[in-house]
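Here is the structure we will look at, set down as structure tokens.
The values are calculated or read from the model by the stated rules, or taken from the named source; none is laboratory data. No experiment lies behind these values; they were computed from the predicted model shown. Heads up, the Cβs are rebuilt from the backbone with ideal geometry, glycines too, and the neighbour counts pull from every protein chain shown.
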């Protein structure tokens, strides 16, 4: 277990798994590493950089522990620091999987690794190259001087001779940590928005994880474990002032929030659920695919997912459609994100161009549109306040009502996703990260929050800072 220096810092080994680009095999390798160390009896905590719902499901199953997002723009530096500090207190190893390429995005994976002093291991598909792999690694390592690239995992490495050529071409201070042979039985299954959900292929993934862990052993991971790339680093607790941005009160005390969760609706940050509970909410899950009735609740959260793959089943569950419609008519709070937005519309046209009736609590129609879509970081400009999040969808809507606001794109002047409000329904393509503005989220789920309640909360904050 990690060694605690004091109550404000803790030591724990950590690795940042990145790559030159998307598609190099980061998630396959990270899940194999997580399973390898788990099989050694180590407690492994994995984080995923950036907005992502599918990779964390895979990584959670591989490691046996919950996986949270780690994004300095969406969550803030202090929140990321706090989560790393908490993980280091109860883990033997922290793994962080990056997004896209090492220097892509603002902030990038390299920015996050540099901020927290986490050594970087690059995963690279070396099919069709040998010494050039060394040149690319050297270029990545020396592009900036504020982070430490310590090793390469060579994916799709064909033979021992292939390995030798790559290893000889690497700089002396960068290790070839392991090779990973091409194997379709290890690669993770995908579909139109990314990887297939872990819950759909649980048993298959177990086989792939074990084969991946063995592939790392076969690729000499065991012989490099004691190398300099796996050493404890220090994680510090954020300063008290830094924690103010995501401090909360019991703004949802006594409230029950029903959350849709099944194969059609699963894009849920565990961090969001934990925050709702921290604010006093009781959380209950239900399945729009399988349940005929809503649990007793004060508010409803319809997250994103794959409703387009289950349109007929959703449309056939008439009793639940009527219950949610009645819930809406009672002026109860509903938050609908992306797939949840599509579910709220009058109809949804699926990938086979078949149209099905949906909840009909928001005017408009949704339809899938093949490979074209929208993605990117945005701030939701809501009446309750600004909440950061992201968009990622391959569908479109039409005949929708006038929006009450728009997302503000991170790096583009054009308006972002429309935000709709009907009664107490808030609906948008945006996936929100609740910790970026807990009070705004509390107001969405509990519209009755009074100015007096908020004044009391602010008074407590002021008293605590004195």
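For the residues 297, 293, the requirement of being assigned to a loop (DSSP other than H, G, I, E, B), in contact (Cβ under 8 Å) with a residue 24 or more places away in the chain, in contact with a strand residue (DSSP E or B) (Cβ under 6 Å, 6 or more places away or on another chain) and within 23 Å of residue 422 (Cα to Cα) singles out 297. Within the bounds of region 317-329, is there any residue that is assigned to a helix (DSSP H, G or I) and more than 30 Å from residue 252 (Cα to Cα)? Among the residues of region 317-329, at least one is assigned to a helix (DSSP H, G or I) and more than 30 Å from residue 252 (Cα to Cα), which makes the answer yes. Considering each residue of region 47-57 in turn, at least one proves to be farther than 23 Å from residue 393 by Cβ and within 17 Å of the chain's Cα centre (by Cα).
Residues considered: 282, 312. Of these, the only one that is surrounded by fewer than 19 Cβ atoms within 10 Å (Cβ to Cβ) and closer than 21 Å to residue 447 by Cβ is 282. Taking the conditions (1) part of a loop (DSSP other than H, G, I, E, B); (2) within 25 Å of residue 440 (Cα to Cα) in turn, residue 334 satisfies each one other than (1). Filtered by the rule that a residue be at pLDDT 90 or above, farther than 17 Å from residue 79 by Cα and in a loop (DSSP other than H, G, I, E, B), region 51-69 gives 64, 65. Pairs linking a residue in region 434-452 that is farther than 17 Å from residue 298 by Cα to a residue that is assigned to a helix (DSSP H, G or I) and at pLDDT 95 or above, with Cβ atoms under 8 Å and 6 or more positions apart or on different chains, are 434/272; 434/275; 434/276; 434/441; 435/272; 435/275; 438/275.
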